[in-house]
Amino acid sequence: MVSIVSSADARVSISSADSALVRDFSRVWSIRAAISRPAAAFAELDAGNRYSIIWRVNEAKRPQTRQRRIATYLDMLRRGERIHR
């Protein structure tokens with residue numbers, strides 16, 4: 001059970017009897033931090049590059065292929081690369 005208590009100075013503290021939820025939240029937060037740069041780079045792409053990435057990921061038939069392509073494009077976006085110049 002997780003209870004969130006907000007204090008008068010707008011800070012939030014989490015007291016938890018089940019630390020698994022807090023670990024899950026930490027994992028989600030670290031994933032969010034890891035993809036924030038690629039997400040910003042994706043938002044800056046022109047329509048043709050965005051469409052190319054979305055198309056190639058969606059066309060994958062197997063989940064393993066889709067995961068591999070997502071990882072490839074996240075790495076590409078982290079490096080600031082594009083599919084089309």
Among residues of region 65-85, those that are in a loop (DSSP other than H, G, I, E, B) and among the basic types (Lys, Arg), counted
3
Confirm whether residue 5 is modelled with pLDDT under 90, surrounded by 11 or more Cβ atoms within 10 Å (Cβ to Cβ) and not charged (D, E, K, R).
no
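Yes/no matrix, rows are residues, columns are (1) surrounded by 12 or more Cβ atoms within 10 Å (Cβ to Cβ); (2) in contact with a Cys (Cβ under 6 Å, 6 or more places away or on another chain); (3) touching a residue at least 24 places away in the same chain (Cβ under 8 Å):
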| site | (1), (2), (3) |
| --- | --- |
| 37 | yes, no, yes |
| 43 | no, no, no |
| 55 | no, no, no |
| 60 | yes, no, no |
| 63 | no, no, no |
| 67 | yes, no, no |
| 74 | yes, no, yes |
| 79 | no, no, no |
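The values are calculated or read from the model by the stated rules, or taken from the named source; none is laboratory data. Keep in mind the model is a prediction, meaning the values are calculated, not measured. No Cβ is skipped: glycine too gets one built from the backbone with ideal geometry, and neighbour counts run over all protein chains shown.
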